[in-house]
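Peer 1: Below is a structure I'd like to ask you about.
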Amino acid sequence: QVQVVESGGGLVQPGGFLRLSCVASGDIESIYTMGWYRQAPGKKRDLIAVVGATGDTRYADSMEGRFSIFRDNAKNTTYLQANSLTPDDTAVYYCNAVIRTNSGTSHTLYWGQGTQVTVSS
């Protein structure tokens, strides 16, 4: 059993800063990649960024610059930071992790439930 849990969402002022956390826990031997996505109302879920086990990162073209992804392997945690937020950044932010479990399953994708971020004055 693996759980992926996001935290840190809420109401943010336009022009403000955001820091989200995502922790994976449970039957984990190793985590290959951890990623952040977002889904605005009425739109599809879009990639923001992915970070590998060695800290290598990949960003969606439209997200690079304002968003930063970090990872703490010791804590099985990834962080997403964003600045200069606008109402267009309002969305549910999701985290995922590709995991090898102690029970032997490999490269299994797990999603969190998401955390709502609302950018509004």
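Peer 1: Which of the residues spanning region 19-38 are open to solvent by 60 Å² or more (accessible area, probe 1.4 Å) and farther than 14 Å from residue 78 by Cβ?
Peer 2: 29 - this is the single residue of region 19-38 that is open to solvent by 60 Å² or more (accessible area, probe 1.4 Å) and farther than 14 Å from residue 78 by Cβ.
Peer 1: Has region 83-97 got any residue that is at pLDDT below 95 and closer than 24 Å to residue 30 by Cβ?
Peer 2: Within region 83-97, not a single residue is at pLDDT below 95 and closer than 24 Å to residue 30 by Cβ.
Peer 1: Of the residues 50, 12, only one is free of Cβ contacts under 8 Å to residues at least 24 places away in the same chain, open to solvent by less than 40 Å² (accessible area, probe 1.4 Å), of a type in the set (Val, Ile, Thr) and touching a strand residue (DSSP E or B) at 6+ places or on another chain (Cβ under 9 Å); which?
Peer 2: It is 50.
Peer 1: Inspect all residues belonging to region 96-113 and state whether any of them is surrounded by fewer than 18 Cβ atoms within 10 Å (Cβ to Cβ), in contact (Cβ under 8 Å) with a residue 60 or more places away in the chain, within 14 Å of the chain's Cα centre (by Cα) and over 21 Å from residue 1 (Cβ atoms).
Peer 2: No; the residues of region 96-113 include none that is surrounded by fewer than 18 Cβ atoms within 10 Å (Cβ to Cβ), in contact (Cβ under 8 Å) with a residue 60 or more places away in the chain, within 14 Å of the chain's Cα centre (by Cα) and over 21 Å from residue 1 (Cβ atoms).
Peer 1: Would you confirm whether any residue within region 26-43 is of a type in the set (Val, Ile, Thr), outside any loop (DSSP other than H, G, I, E, B) and within 14 Å of residue 115 (Cβ to Cβ)? Break it down stepwise before answering.
Peer 2: To start, the set of residues in region 26-43 that are of a type in the set (Val, Ile, Thr) comprises 28, 31, 33.
From the residues that got through so far, the ones that are outside any loop (DSSP other than H, G, I, E, B) too are 31, 33.
Now drop any that are not within 14 Å of residue 115 (Cβ to Cβ), which leaves none.
No, region 26-43 contains no residue that is of a type in the set (Val, Ile, Thr), outside any loop (DSSP other than H, G, I, E, B) and within 14 Å of residue 115 (Cβ to Cβ).
Peer 1: Then there is this: For residue 67, which of the numbered conditions (1) at pLDDT 95 or above; (2) touching a Phe, Trp or Tyr at 6+ places or on another chain (Cβ under 8 Å); (3) within 17 Å of residue 2 (Cβ to Cβ); (4) not basic (Lys, Arg) fails to hold?
Peer 2: Answer for residue 67: the failing condition is (3).
Peer 1: Restricting attention to region 74-88, and to residues there that are open to solvent by less than 10 Å² (accessible area, probe 1.4 Å) and in contact (Cβ under 8 Å) with a residue 60 or more places away in the chain, which single residue is nearest to the chain's Cα centre (by Cα)?
Peer 2: 80
Peer 1: Among what's in region 53-73 and is part of a loop (DSSP other than H, G, I, E, B) and farther than 20 Å from residue 115 by Cβ, pick the residue that is most open to solvent (accessible area, probe 1.4 Å).
Peer 2: To start, the set of residues in region 53-73 that are part of a loop (DSSP other than H, G, I, E, B) comprises 53-56, 60-63, 65-66.
Adding the requirement that they be farther than 20 Å from residue 115 by Cβ leaves 53-56, 61-62, 65.
On the way: 53: 50, 54: 126, 55: 43, 56: 88, 61: 144, 62: 93, 65: 67 Å².
In this case the residue turns out to be 61.
The values are calculated or read from the model by the stated rules, or taken from the named source; none is laboratory data. It should be emphasised that the depicted structure is a prediction, and the values quoted were computed from it without experimental measurement. Ideal geometry is used to build each Cβ from the backbone, glycine not excepted, and the neighbour counts take in all protein chains shown. Side chains included, ligands, DNA and RNA excluded: accessible areas come from the protein's heavy atoms. Shrake-Rupley method; radii C 1.70, N 1.55, O 1.52, S 1.80 Å.
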